[in-house]
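Visitor: Have a look at this one.
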Amino acid sequence: MRALVVGVEAVLVEVGTAAEAAALHAEVLRRRAAGELGPVRDVVPAARTVLLDGVRDPGALAARITAWRVPPLAEEEGPLVTVPVRYDGPDLADVARLWRVAERDVAEVVGSVVFRVAFCGFAPGFGYLTGLPERFHPPRRATPRTAVPAGSLALAGEYAGVYPRSSPGGWQLIGTTDAVVWDPLREPAALFAPGTRVRFEEAGA
Amino acid sequence: MTGTGGGLWLEVLRPGALTTLQDRGRPGRAHLGVPRSGALDAEAYALANRLLGNRPDAAVLETTLDGVTLRAGGPPGSAVVVAVTGAPCPVRVSGRPVAWGEPVRVPAGAELDVGRAESGVRGYVAVRGGFAVQPVLGSRSTDLLSGLGPPLPAPGTLLPVGPPGPDPVRGADTLRVPAPPAELVLPLRPGPRADWFTPASLSALWRSPYRVSPESNRIGLRTEAGPRLTRTRGGELPSEGMVLGAVQVPPDGLPVVFLADHPVTGGYPVVGVVPPGRALNAAAQARPGTPVRFVAAGW
C-alpha cells in the first residue's frame with residue numbers, strides 16, 4: 001500500500017488489486033465515521049485507489065495510512081439491492097457465444113453473482129460493479145454506440161454497469177432494467193453507491 | 001412564481017455566449033460520480049455576494065466573454081439590486097452606464113446590460129437575495145460535464161430572486177481585486193504521477209511557457225504550443241480519483257488543468273496539482289492565447 005500526497009489537501013492511497021481497494025475503501029469509511037481522520041470532504045474509491053480529498057494535513061495523514069492494517073472485506077459487508085433485468089440486450093448473443101453458453105443461460109451466469117459497486121464515475125450514478133469471474137470478462141465493443149438507452153445492463157472487462165441515462169458507450173449490452181439507478185431528486189440519489197452489493201434477478205422469472 | 005421572496009425576478013433577454021447559474025457547487029459527492037462544479041473564479045463570486053449582503057452560497061450568473069442582458073421584473077415601484085464582478089466590463093441600466101463592482105438598483109421593467117469583457121473571461125452577476133432556482137443535490141450550479149443543475153438560461157427564461165440575505169448591501173471593496181493576468185502563472189505541486197514522465201520533459205515543463213488553448217472550458221484549462229511531456233512508461237493508468245487543480249497529461253503530452261466541472265475520476269496520469277485559490281481563479285479569467293507558465297512548488 002502506498003499513500004501519495006496530492007496537492008495541498010488530498011491523499012491518494014494505492015493498492016494492488018480491486019479487492020484490496022474495496023477493503024481499503026471500507027476501512028477509510030469506518031475510520032472516518034469513528035472520527036479518526038479529521039475532516040474529509042470526499043472519499044473517492046476507484047479501480048486500485050482510494051482518494052481522500054479535503055483533508056487538513058495530507059502529509060501526516062499519508063504517513064499514518066501507510067501503517068494501517070486493512071482487514072479483507074467480509075462477503076456480506078455492505079447493503080444489498082436486487083435489480084430486475086430483462087435479458088434483451090443487442091449484444092446478448094455475442095456475449096453468450098463468448099461465454100460458450102446458450103443465450104437463455106446468460107441470466108443464470110449473471111444472476112449467480114453478487115456484484116459489488118467498486119466505484120462510480122463516467123456519469124453521476126454510474127457504478128462500476130465487480131464480481132464477475134474472470135472467464136466471463138468480455139472485451140469492450142470495437143465500435144462504441146453513439147446512444148445507449150438508459151437502464152441498459154452492460155458488461156466490459158471486469159466490470160458490469162447500468163447506464164443511468166442515455167449516453168454514448170462501448171460496453172456490451174445484455175439487458176434492460178426499469179430500476180431507476182440515478183435520480184438527483186431522490187434521497188439517496190444513487191442506487192449504486194460504492195460498497196453496495198447488487199444482485200440481478202431475471203424479471204418475471 | 002415560487003420562492004421569489006419579494007416577488008422579484010430577472011428575465012433573460014440575451015443569454016450571451018455561455019451563461020450559467022453557479023454557486024459553491026456540489027463538493028462531497030464525488031464518490032457518486034458527481035463533479036464539484038461551482039463558480040470558476042471563487043473570489044469574484046464571493047465578492048459579488050458580499051457586496052449585496054447575500055449568503056456566501058447564493059446563486060449568481062457566470063457569464064463568458066460577452067456578458068448577458070436581463071430585464072428586472074416585480075411589482076410597480078420595486079427594484080432588484082445587482083452587482084457585477086469578475087471580468088471587468090461596461091454595465092448599463094436602461095442604456096445608462098452604471099458602476100461595475102458595486103451594488104446597482106435596477107427598477108422593475110428596466111434593462112440591465114452586462115457588456116463584453118474588457119479583459120478576463122468570466123463575469124459574475126449577483127442579485128440581492130440570490131437566484132432562487134430549484135437546487136439539485138444541494139446546489140444551483142449548472143454542471144456542464146454531467147448536465148446536473150438548472151438548464152442554461154435562454155431568451156425569455158425567468159430567474160426568480162430569493163429573499164434578501166442576512167447582511168445589508170455594502171459599499172464597494174473592489175480595489176483589491178487583481179486585474180486578469182497578462183501571463184498566467186500556475187504553481188504546481190508534484191504528483192501523484194510525476195514519476196510517469198521523463199526528467200528531461202519535466203525540466204522542460206518549467207523552462208518554456210504554454211498558451212491557453214481555445215479548447216478550454218469549465219471542465220479544464222487546456223494548454224497548447226508548449227513542451228510535450230514524455231512518459232517513462234507505456235500502459236494505462238487504472239482510473240483514479242481526481243482533485244480540483246489536477247494537471248492531467250493526455251497522450252499528446254500537453255497539460256490540462258482541471259477546473260470546477262472536472263470528471264471525478266480519470267485515467268491519464270496527473271503530473272502535479274495547482275492548489276485551489278488565487279492561481280485557479282486567475283485560470284478562470286485567462287483568455288485563449290494567454291501565456292501559461294508552471295512554476296515548481298515543493299518539488
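The values are calculated or read from the model by the stated rules, or taken from the named source; none is laboratory data. Predicted model only: the values in this text are computed from it and were never measured. All Cβ positions, glycine included, derive from the backbone under ideal geometry; neighbour counts span all protein chains shown.
Visitor: Buried (at least 23 other Cβ atoms within 10 Å of the Cβ) and of a type outside the set (Phe, Trp, Tyr): is that true of B:VAL81 in this structure?
Guide: Numbers: buried (at least 23 other Cβ atoms within 10 Å of the Cβ): no; of a type outside the set (Phe, Trp, Tyr): yes.
No; evaluated as a whole, the condition is false for this residue.
Visitor: I would also like to ask the following. Which of (1) without any contact (Cβ under 8 Å) to a residue 60 or more places away in the chain; (2) closer than 11 Å to B:LEU21 by Cβ; (3) surrounded by 20 or more Cβ atoms within 10 Å (Cβ to Cβ) does B:VAL91 not meet, given it meets every other one?
Guide: B:VAL91 satisfies every listed condition except (2).
Visitor: Out of all the residues in the range A:13-28, which are at pLDDT 95 or above, within 11 Å of chain B (Cβ to nearest Cβ) and under 23 Å from A:GLY125 (Cβ atoms)?
Guide: Result: A:ALA21, A:HIS25, A:VAL28.
Every residue, every condition in (1) facing another protein chain (nearest Cβ under 9 Å); (2) in contact with a helix residue (DSSP H, G or I) (Cβ under 6 Å, 6 or more places away or on another chain), yes or no:
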| site | (1), (2) |
| --- | --- |
| A:ARG30 | no, no |
| A:VAL44 | yes, yes |
| A:ALA47 | yes, no |
| A:LEU52 | yes, no |
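Visitor: Looking only at residues in the range A:89-143 that are in contact with a helix residue (DSSP H, G or I) (Cβ under 7 Å, 6 or more places away or on another chain), assigned to a loop (DSSP other than H, G, I, E, B) and free of Cβ contacts under 8 Å to residues at least 60 places away in the same chain, which one is nearest to A:THR49 (Cα to Cα)?
Guide: A:PRO138
Visitor: Moving on. Identify, from the list A:ARG100, A:ARG140, A:ARG104, the residue that is farther than 16 Å from A:LEU29 by Cα, surrounded by fewer than 17 Cβ atoms within 10 Å (Cβ to Cβ), within 14 Å of another protein chain (Cβ to nearest Cβ) and not aromatic (Phe, Trp, Tyr).
Guide: A:ARG140
Visitor: Pick from B:ASP57, B:ASP66: which is away from chain A (no Cβ under 14 Å), surrounded by fewer than 24 Cβ atoms within 10 Å (Cβ to Cβ), under 22 Å from the mean Cα position of the chain (by Cα) and farther than 30 Å from A:PHE119 by Cα? Explain how you work it out, then say what you get.
Guide: Working: B:ASP57 fails: farther than 30 Å from A:PHE119 by Cα.
Going through B:ASP57, B:ASP66 in turn, just one is away from chain A (no Cβ under 14 Å), surrounded by fewer than 24 Cβ atoms within 10 Å (Cβ to Cβ), under 22 Å from the mean Cα position of the chain (by Cα) and farther than 30 Å from A:PHE119 by Cα: B:ASP66.
Table: residues versus (1) in contact with a His (Cβ under 9 Å, 6 or more places away or on another chain); (2) at pLDDT 95 or above; (3) of a type in the set (Phe, Trp, Tyr).
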{"residue": "A:ARG32", "(1), (2), (3)": "no, yes, no"}
{"residue": "A:PRO45", "(1), (2), (3)": "yes, yes, no"}
{"residue": "A:GLU77", "(1), (2), (3)": "no, no, no"}
{"residue": "A:LEU80", "(1), (2), (3)": "no, yes, no"}
{"residue": "A:PRO90", "(1), (2), (3)": "no, yes, no"}
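Visitor: Okay, next question. Restricting to the range B:9-42, give me the number of residues that are charged (D, E, K, R), surrounded by fewer than 24 Cβ atoms within 10 Å (Cβ to Cβ) and either in contact with a Lys or Arg (Cβ under 6 Å, 6 or more places away or on another chain) or away from chain A (no Cβ under 14 Å) (or both).
Guide: Final tally of qualifying residues: 2.
Visitor: When you look at A:PRO39, is it within 14 Å of chain B (Cβ to nearest Cβ), out of contact with any strand residue (DSSP E or B) (no Cβ under 7 Å at 6 or more places or on another chain) and over 25 Å from A:PHE115 (Cα atoms), yes or no?
Guide: Values: within 14 Å of chain B (Cβ to nearest Cβ): yes; out of contact with any strand residue (DSSP E or B) (no Cβ under 7 Å at 6 or more places or on another chain): yes; over 25 Å from A:PHE115 (Cα atoms): yes.
Judged against the criteria, A:PRO39 is a match.
Visitor: Can you report the number of residues in the range B:255-286 which are farther than 20 Å from A:VAL5 by Cα and either within 11 Å of another protein chain (Cβ to nearest Cβ) or touching a Gly at 6+ places or on another chain (Cβ under 7 Å) (or both)?
Guide: Going through the range B:255-286, the residues farther than 20 Å from A:VAL5 by Cα turn out to be B:260-261, B:278, B:281-286.
So of that shortlist, the ones also either within 11 Å of another protein chain (Cβ to nearest Cβ) or touching a Gly at 6+ places or on another chain (Cβ under 7 Å) (or both) come out as B:260, B:285.
Count: 2.
Visitor: Then there is this: Within the range B:242-254, restricting attention to residues that are part of a loop (DSSP other than H, G, I, E, B), in contact (Cβ under 8 Å) with a residue 40 or more places away in the chain and not small (Gly, Ala, Ser), which residue is nearest to the other protein chains (Cβ to nearest Cβ)? Break it down into steps so the answer makes sense when it comes.
Guide: Applying the first criterion (part of a loop (DSSP other than H, G, I, E, B)) to the range B:242-254 yields B:242-245, B:249-254.
With in contact (Cβ under 8 Å) with a residue 40 or more places away in the chain added as a condition, the list becomes B:244, B:249, B:253-254.
Keeping just the survivors that are not small (Gly, Ala, Ser) gives B:244, B:249, B:254.
On the way: B:LEU244: 8, B:VAL249: 15, B:LEU254: 20 Å.
Restricting to residues being part of a loop (DSSP other than H, G, I, E, B), in contact (Cβ under 8 Å) with a residue 40 or more places away in the chain and not small (Gly, Ala, Ser), the top hit is B:LEU244.
Visitor: If you scan the range A:40-68, which residues turn out to be of a type in the set (S, T, N, Q) and surrounded by 20 or more Cβ atoms within 10 Å (Cβ to Cβ)? Spell out how you get there, then give the answer.
Guide: Within the range A:40-68, the subset of a type in the set (S, T, N, Q) is A:49, A:66.
Scanning the range A:40-68 gives a single hit, A:THR49.
Visitor: When you scan the range B:283-299, how many residues do you find that are out of contact with any Asp or Glu (no Cβ under 8 Å at 6 or more places or on another chain) and crowded, with 22+ Cβ neighbours inside 10 Å? If you could, list the steps in order and put the result at the bottom.
Guide: Our first condition is that a residue be out of contact with any Asp or Glu (no Cβ under 8 Å at 6 or more places or on another chain); within the range B:283-299, this holds for B:283, B:286-289, B:294-299.
Those left that are additionally crowded, with 22+ Cβ neighbours inside 10 Å: B:283, B:286, B:294.
Summing the residues that are out of contact with any Asp or Glu (no Cβ under 8 Å at 6 or more places or on another chain) and crowded, with 22+ Cβ neighbours inside 10 Å in the range B:283-299 gives 3.
Visitor: What tally of residues in the range A:158-178 results from selecting those that are modelled with pLDDT of 95 or more and either surrounded by fewer than 18 Cβ atoms within 10 Å (Cβ to Cβ) or not in a loop (DSSP other than H, G, I, E, B) (or both)? Give the steps one after another, and end with the answer.
Guide: Quick first cut of the range A:158-178, residues modelled with pLDDT of 95 or more only: A:159-164, A:171-178.
Retained after the next criterion (residues that are either surrounded by fewer than 18 Cβ atoms within 10 Å (Cβ to Cβ) or not in a loop (DSSP other than H, G, I, E, B) (or both)): A:159-162, A:172-176, A:178.
The total comes to 10.
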